Amino acid sequence: MKIQILSALFLAMLVAGCQSNPSNMVEAESDLTSVVTSTVGNEVSASKSAENKALEQAVHAYTQDQSNYQTNTFDLNQDGLADAVVLLDGSEWCGSGGCTLLVFKGLANGRFQPHSKMTVSSTPIYALSTQTQGWHDLSVYTRGLGQVILKFNGKSYPSNPSLATKYTANLKQVGNTLLLPIVVE
């Protein structure tokens, strides 16, 4: 019985996805390109696969082979190149307030370089429609405050979200993109 219900739910989601309108496509595309510590599906384009490999190498180089993380790509600085948001997991990277969030800048050669490091971060993580100094503002969840807004300061995003301003607008408004959803284990 459970299998029949799950099958029906999956089929309904598949049909609904085929009928989505263009305004939902940005968020849907973002969700599809997300990589959450395990490979989902085998159909990945060659360029996306190369991007994932380059990002994986950059994360492993930064973390000294830390393998547990969530990531998604999004052009945060509108240079036409995908940048990456990486939320690390594990006792080395997480504490009672949250985990370490990294932003990697996408380079023209297809590689990624470390750009910003933020502590006490959790999901959901959004790229907001607003920008500061050419970079999209980010909204992250931080324990004790809730959603906060992180604005680029000309060099990086703030390193401590618990000191940032609380985000009070509707996260699901047009132009905001969900980068990393809440993952329920």
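Values in this text are rule-based calculations from the coordinates and carry no lab data. Because the structure is predicted, anything quoted here is derived from the model rather than measured. Glycine also receives a Cβ, built like all others from the backbone with ideal geometry; neighbour counts cover every protein chain displayed.
For this structure, a couple of remarks:
- Listed residues Q133, L150, V120: farthest to the positive end of the dipole of the range 103-185 (Cβ charges): Q133
- Extension gain, L171 to Q113, is 18.1 nm, computed as 0.36 nm per intervening residue step minus the present C-alpha separation.
- Cross-link table K117/K172; K105/K172; K105/K151; K117/K151; K53/K105, entries beyond 19 Å C-alpha to C-alpha: K117/K172; K105/K172
- For the range 65-185, the Cβ-based charge dipole about the Cα centre amounts to some 340 debye (Lys, Arg positive; Asp, Glu negative; other atoms uncharged).
- Global form of the range 73-185, assessed from the alpha-carbon gyration tensor, a/c cut-off 1.5: oblate
- Net charge contributed by nearby residues that have their C-beta within less than 13 Å of G95 (K/R +1, D/E -1): -1
- Hypothetical label at H60: residues of the range 100-114 whose amide nitrogen lies under 20 Å (7 Å Cα-Cβ projection): 102-107, 109-114
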